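In what follows, a structure is listed as structure tokens, so that the remarks can point back to it.
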Amino acid sequence: MTDLPASLLAGLHQTAALGLAVSGGGDSIALLHLAVAAGLQPSVVTVDHGLRPEAAAEAEAVGRIAARLGLPHQVLRWQGTTHAGNLQDAARRARRRLMAEWAVGQGLSSLVLAHTRDDVAETFLMRLARGAGVDGLAAMASFWTEGGILWQRPMLGMGRQELRNWLQARNLTWVEDPSNENPRFDRVRMRKALASGALGLRGDRLAEVAAHLAEARAALDALADDWSARTLTEEAGSLRIAPDFWRAPVETRRRLIQRVVLWIAPSDYAPRGAQISQLLDRLSQGHAATLAGCRFLPAEGEALRALREARAAQAPVPGPVWDGRWKILGPWPEGAEIGPLGALGLAQVAGWRATGLPRPVLLVSPALWRGGRLIAAPLAGFAADAYSAIPLYPWIGRKNTTLSH
């Protein structure tokens, strides 16, 4: 196939402030030329991870292509090449963070990625090998919001070879990253397994299965939305979990706990399914438990109370934002810090019981300190007339969509 349907980019959320992520590989080079052919005038960005000596020259080559097409181009460089552990995952996360910061700085509202149907199939196999559930096996999201940017993948319905055929028919060149042939990486092993035709598995068929699972995921999320509204209530940065929670289907309970943990202790990744199942087993027996920086306590008249785990919370900091969740508003004395109220601070608030909030919740609430002296603890009612504490991410009870990519 040397031609592509004119509707390929039709699903793209059109915006004048559009950015394209172009590595120089066949998929992203095809996206770049297709976007220009569609009449778009995007800004182009390339991330040089510094993992290969050729990477800098390849990024410059993308810049020359963009210049010939009349498009602005910028190279972003990652300084994390000494990262231990899952290098590809660390590079992916760094790439997204750098590009999001660049896009915001450029006034762009959306970034477009060149993932294809083959990426969907490879990801499916990788996650299947790790024992993933419905969420992990469901197809990649075609769009989502993260870092203040709308991310889009308009080519998930196209195959990698189709795009290369299109480029070859127009004498357009691209770069093949040798790491794409290195079997030390899971994705490469899955790619080779698909190419071998083992067990009759085909990339397009696996992508189709992933799409079916995405529909199932959407249905499960809708059910969890309903139970969230019925059983979860926010209070001073904690969540009250009503007894009816235990009447929800098992899968719904798992999804609700995942949402609770990610809201109270924000993270790039949700806890694994086995961890959540173990937590639910312990909670169902009436025990207190912790998971990923979130603390669960049995509560009178409620099934549970979920709150921030004190030892996982951030130490005091000089800025107005603390623990990635709270911001204190009010006059800011020189040398002041925001941190947890703690037992020392709560002991200085004589009327804290009048707030009606449980002691464990107030202990991890935000407070303003200066030289060891408590200045304000708005949620505990101390200097609340002059200061207020607001959550950076108000509870909405729905799925954290940034995890759907």
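Remarks
- Residue-wise HN-Hα coupling along the range 189-195, computed from phi with Karplus coefficients 6.51, -1.76, 1.60 (Hz; x: Gly, Pro): 4, 5, 4, 5, 5, 5, 5
- Rounded to the nearest 500, the 222 nm mean residue ellipticity of the chain from helices alone is -11500 deg cm²/dmol, with -39,500 (n - 2.57) taken per DSSP H run of at least 4 residues.
- For R77, distant residues with modelled amide H under 5 Å away: D48
- Inter-label distance, A218 to Q278: 3.5 nm, where each label sits 7 Å from its Cα along the C-beta direction.
- Interatomic Cα distance distribution for the chain, bins of 20 angstrom, percent: 23, 48, 26, 3
- Ordering I241, I276, I396 by the number of other Cβ atoms within 10 Å of each residue's own Cβ, fewest first, gives I396, I276, I241.
- Shape call, the range 18-199: gyration tensor on alpha carbons, a/c limit 1.5: rounded
- C-alpha long axis of helix 160-169 to longest principal axis of the chain, angle in °: 40
- Helix 273-284 and the longest principal axis of the C-alpha atoms of the chain enclose an angle of approximately 20°.
- Long-range amide H partners of C294 with built H, under 5 Å: E309
- Added length on full extension, which subtracts the Cα-Cα distance from 0.36 nm per residue, H33 to N171: 48.5 nm
- Rounded to 10°, Cα long-axis angle of helix 117-129 versus longest principal axis of the chain: 50
- Each residue of the range 67-75 was assigned a 3J(HN,Hα) from its phi angle through the Karplus curve 6.51 cos²θ - 1.76 cosθ + 1.60 (θ = phi - 60°); the sequence is 5, 5, 8, x, 10, x, 9, 9, 9 Hz, with glycine and proline shown as x.
- Of the GluC sites (Glu not before Pro) found in the range 304-405, those that fall in a DSSP loop while having at most 14 other beta-carbon atoms within 10 Å are E334.
- Close amide H contacts of V44 (hydrogens built in the peptide plane, cut-off under 5 Å, sequence separation of 5 or more or a different chain): L20, H73, Q74.
- Spacing of the modelled spin labels on A67 and F185, each 7 Å from Cα toward Cβ, amounts to 2.8 nm.
- Net charge of neighbours whose Cβ lies under 15 Å from the Cβ of V75, counting Lys and Arg as +1 and Asp and Glu as -1: -1
- Virtual paramagnetic centre 7 Å along Cα→Cβ of L392, amide N under 19 Å, in the range 297-326: 307-326
- Evaluated over the range 298-405, the Cα radius of gyration and Dmax, each in Å: 14.7, 48
Read the figures in this text as sums done on the coordinates, not as results from a lab. Computed from a prediction, not measured in an experiment: that's the story for all the values here. Note that each Cβ is placed from the backbone with ideal geometry, even for glycine, and that neighbours are counted across all protein chains shown.
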